[in-house]
Amino acid sequence: MIMPVTVMDKLQFNEKKGAFIEKIIDTDFLTSALFFKYLIHSLKNTEPMIRDWDEVIFEDKDLFTRHFLLLIDHMESEVNSKEKNKITEIYTTSDLAKFIGVSQQTINKWINLGRIKGVNREGREHARIPDDAEVIYPNGVRILVSELKENWEKANEEPVTDEITYLRYCIDEFRKQYGGPFEETLGKKTLLELTSDEETDASVWKSYLKRLNDAEANYPDS
């Protein structure tokens with residue numbers, strides 16, 4: 001999965017984009033010109049550029065580089081404008097628990113442990129989780145809430161047979177990770193014996209086992 005672009009990524013790109021554009025032009029001028037034409041006719045609100053610029057810019061490398069940078073700046077401006085106008089969806093801990101397949105108590109625990117970045121909670125109010133909040137899994141993987149929702153929606157649109165295949169795969173990954181089935185590994189430990197990461201994995205693993213059992217009961221021939 002491709003991770004989202006961070007603020008640091010954007011800063012580093014802005015610092016190096018001039019050198020980056022020069023490098024791709026030096027490497028293959030003709031392909032760079034073709035890519036430039038594709039971008040300028042694909043991006044929104046480039047009509048003034050198309051009207052004012054012509055093929056002359058490709059006759060001089062420095063001139064072409066400057067125009068390419070202007071086009072990149074325009075692209076960034078369009079992206080930033082879109083992000084500002086984006087309506088942020090807000091979810092509850094119950095919603096997020098459903099997207100991931102764990103209990104609401106587990107989500108509250110993750111919030112308290114700082115594993116969900118971007119949660120809004122004031123006083124005793126219920127947690128408000130925006131779609132751009134990040135969930136940090138025990139293995140360090142970070143996933144946006146919006147992506148978790150999208151994955152959940154896709155999974156629930158698919159036939160149950162596909163869900164069974166997916167659940168069997170997830171359960172097999174846990175079995176490989178812990179060296180055996182749930183009942184012989186995490187399932188044998190008490191809550192006091194489980195580490196924080198193991199408790200999280202146990203909650204997810206049990207959820208997968210229950211979902212698989214329900215799905216197989218409804219479709220015994222799968």
Next on the checklist: Taking the condition of being free of Cβ contacts under 8 Å to residues at least 40 places away in the same chain, under 12 Å from Ile21 (Cα atoms) and aromatic (Phe, Trp, Tyr), how many residues in segment 54-79 meet it?
Outcome noted: 1
Item to check | Of residues in segment 114-129 being at pLDDT below 90 and touching a helix residue (DSSP H, G or I) at 6+ places or on another chain (Cβ under 9 Å), the one most open to solvent (accessible area, probe 1.4 Å) | outcome: His126
Item to check | Matching option when the condition is at pLDDT below 90, in contact with a Leu (Cβ under 8 Å, 6 or more places away or on another chain) and not polar (S, T, N, Q), among Leu194, Leu186 | outcome: Leu194
Item to check | Matching residues in segment 126-135 - criterion: being touching a Gly at 6+ places or on another chain (Cβ under 8 Å) and closer than 20 Å to Asp197 by Cα | outcome: Glu134
Next on the checklist: Residues to consider are Asp201, Asp221; find the one that is modelled with pLDDT under 90, of a type in the set (Asp, Glu) and open to solvent by less than 50 Å² (accessible area, probe 1.4 Å).
Outcome noted: Asp201
Next on the checklist: Within segment 61-80, does at least one residue satisfy the condition of being polar (S, T, N, Q) and either within 30 Å of Ser196 (Cβ to Cβ) or open to solvent by 30 Å² or more (accessible area, probe 1.4 Å) (or both)?
Outcome noted: yes
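The rows are residues; the columns are (1) loosely packed, with under 10 Cβ neighbours inside 10 Å; (2) modelled with pLDDT of 90 or more; (3) touching a strand residue (DSSP E or B) at 6+ places or on another chain (Cβ under 6 Å).
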residue	(1), (2), (3)
Met1	yes, no, no
Leu11	no, no, no
Lys16	no, no, no
Phe29	no, yes, no
Ser32	no, yes, no
Lys37	no, yes, no
Lys44	no, no, no
Asp52	yes, no, no
Checklist entry - Do we find that Gly180 is part of a helix (DSSP H, G or I), over 29 Å from the mean Cα position of the chain (by Cα) and of a type outside the set (A, V, I, L, M) in this structure? => result no
Checklist entry - Restricting segment 187-216 to residues that are of a type in the set (Lys, Arg) and in a helix (DSSP H, G or I), which is farthest from Ile100 (Cα to Cα)? => result Lys188
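The values are calculated or read from the model by the stated rules, or taken from the named source; none is laboratory data. Nothing here was measured: the structure is a model prediction, and the numbers come from that model. Because the Cβ atoms are built from the backbone with ideal geometry, glycine has one as well, and the counts that use them run over all protein chains shown. We work out accessible area using only protein heavy atoms, side chains counted, and drop any ligands, DNA or RNA first. Shrake-Rupley method; radii C 1.70, N 1.55, O 1.52, S 1.80 Å.
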